[in-house]
Amino acid sequence: MVRKLIFGAAVLVLTAACSSDEVSQWVNPAPGTLTVKAQVNDELQSRVSFTEQGEAQKGLKVSWQTQDVIKVFTADGTATGSLQVSALSDDGHTASFTGSLEPTPTAETPIHACVSNTAATTTGSQVTFNWSSQTGKVESLGNYDILTASAQYNPTAATSVAMTFHHAMAFLKATIKLPAAAGTSTAKVTLSGDGLCNAVNWQGTSNTFDTPEEGSITLTDAKVDGNLVTCYVALYPGTISNVMATVEVSDRAYANLTVTDEATLTAGKLYTVGRNATTLEDLSVWISDAAWSHTYDVADYKITQITKEPAEGSDWLTVTSDGSKVVVSATANTTGAPRQCTLFFGNGYSTMVDVTQMEMKDLVGDWNLTTFKRFDATGSAALQRHDNKFGYVASTASSSVYDMTVHEGVDYGNNAEIYVEQATGTTATAYEGLTQKKQTATNNLRLNGIYENMRTEALAKIDYTEMAATMSIFFDVRSTTTLQRLYTGPFAGQYVALMPELYQSSTDVISSWNSGSFKLHFATIGGDQMFWYTGKIAVVGHTTTVRWEAHSGALQTLSTSTAYKVVGLQVDRYFANVPNATNLIRQADNTTANAAYARVYQGDIVMRRTANGYQEIIGGGNN
């Protein structure tokens, strides 16, 4: 028969006292019968854990079941009894058991009792408990728990005897990590180790235990979630060491997975362990520039191989093992640039730790910008030479590559040096990225070099939790926008504005580009059109890349019109500080020159920088 072991909140609680939980009426025993009012001791009030698992405190309470049976023995071995449940408290924490001792004792005598369960067999006054096979489920722990008690029996007094039962078993919750996801919901787990016992004899005449029998324990139905196996097991108290698990899932078996190196178990307490000396979980993190470390709590983990990508200059990321834990560490980043390294190590199974380390200040510095196609159509420096034309058909790229992608190793010859600095700029409610959702943010970067001494506001974000970073170029094409005045170069004294380069086509971008019918347009001036043209930041080794994509699957839509897509940047020149078509500087009328812009960056725009001391990125090449 079984009792149900319930996991509840707060510290380990083994019983409820007999107050409100007490049975309201006890059965008056008939002559020759015995009633035992049973509860479980509450002297153990603590919870012990080898390592903190981050879970809420949990404990055990006993809930008696109607099918439970108590075996009772007199100290002289002349009488025995088997008592059945006759009453339960509302919460099941206290019960009344009724039965008879045969033969009925005629003198006062000590009596000893144990709760019989599915793991128990009785021979005379000896009960053998065997827990070598368990389900591994929390709801089955009562099948393998051992509860015993003693009292004084007096035949001349009332035959209702109160007994407080004590746990003789400890309880363990173990989490075992497999090298790979199991693909099943249950597993067979076999535990073995020094001091691990699976059977014991209890003597009913003395309420004592013989020396327990050492042996393995098989858990037939442990829970599996991905590559995590969670099992609950009842264990005989004492010191155990070198406890290992063999886990069988589907058609695979993993042997020698460490559960714990050593522990001393106390009866009635719940222990939680989660260790694995064969493999460790992969880890990917984005961290700030401060020194960082991550500790794996494992025992006897011997590192036999270590590799890093990139191999050069990756001494900042290390891994060590002292026999009880593995520590992965990163030094503080003082290089002034973002950096990334992937660390592979193991002792049979390989563990990967991927670390990206950067802060906003690491984005400051010189960058190399390339684009699929860049051209200048500066027109005349004479202010009077302009017209009111507002669009034209762009020429196709001179390269034989037409898919608007900046290819690895292709030099388009369209490179420019951009300097990025931190600066607090405009606070605006504008559209961001491909989602086109409005948000309020303050530009925190300035890009210098898009066109002569023009200063371009930008917004960078680093999300360490999502392991993602973006850099967004800010467009403000309202009719009230403030133009910038040029102070250097051949057009000093004129005004410029950064605008999105747009296209409108009934077909997809690539086919219209290849056919030469790729119609480009100025951004419409007016309304509330402010948005950030968003590129993704990626860090590989010592090189940081920002890519603004312009292909058919990821084009950013102009915030106020679904007809126009953003395919790049354009810089427009004006001869007065009013952003309208009248003031836009053009080639003279009746000319065939394409002079709609001061400068245009079309297609994918890629900006790269490499940390000092490493191979520099050549403009346009090795992209």
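The values are calculated or read from the model by the stated rules, or taken from the named source; none is laboratory data. Everything quoted here is computed from the prediction, not taken from an experiment. With ideal geometry, Cβ positions are generated from the backbone for all residues, glycine too; neighbour counts draw on all protein chains shown. Ligands, DNA and RNA are excluded from the accessible area calculation, which covers all protein heavy atoms including side chains. Shrake-Rupley method; radii C 1.70, N 1.55, O 1.52, S 1.80 Å.
So here's what we get for this one:
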{"read-out": "Rounded accessible area per residue of the range 69-225, 1.4 Å, Å²", "value": "38 Å²"}
{"read-out": "Potential lengthening between Thr426 and His294 on full extension [0.36 nm per residue; Cα-Cα distance subtracted]", "value": "43.6 nm"}
{"read-out": "Taking all pairs of distinct alpha-carbon atoms in the range 73-165, Kirkwood radius in angstrom", "value": "14.8 Å"}
{"read-out": "Members of Lys71/Lys137; Lys188/Lys269; Lys177/Lys223; Lys373/Lys437 lying beyond 22 Å, as alpha-carbon distances in this model show", "value": "Lys71/Lys137; Lys188/Lys269; Lys373/Lys437"}
{"read-out": "Distant-in-sequence amide H partners of Leu219 (H built 1.01 Å from N, under 5 Å)", "value": "Gln134, Val189, Thr190, Leu191"}
{"read-out": "Solvent exposure ordering (accessible area, 1.4 Å, most first) of Asp225, Asp91, Asp476", "value": "Asp225, Asp91, Asp476"}
{"read-out": "Two-site label geometry, Thr109 and Ala538: point separation in nm, points 7 Å out along Cα→Cβ", "value": "8.4 nm"}
{"read-out": "Surface accessible to a 1.4 Å probe, Met352 within the full protein complex, Å²", "value": "60 Å²"}
{"read-out": "Sites Arg485 and Ser284, calculated FRET efficiency, Cβ-Cβ separation with R0 35 Å, nearest 0.05", "value": "0.15"}
{"read-out": "Accessible area of His166 in the full protein assembly, 1.4 Å probe (Å², nearest 10)", "value": "70 Å²"}
{"read-out": "Carbon + sulfur, % of accessible area of the range 63-206 - ligands and nucleic acids excluded, 1.4 Å", "value": "47 percent"}
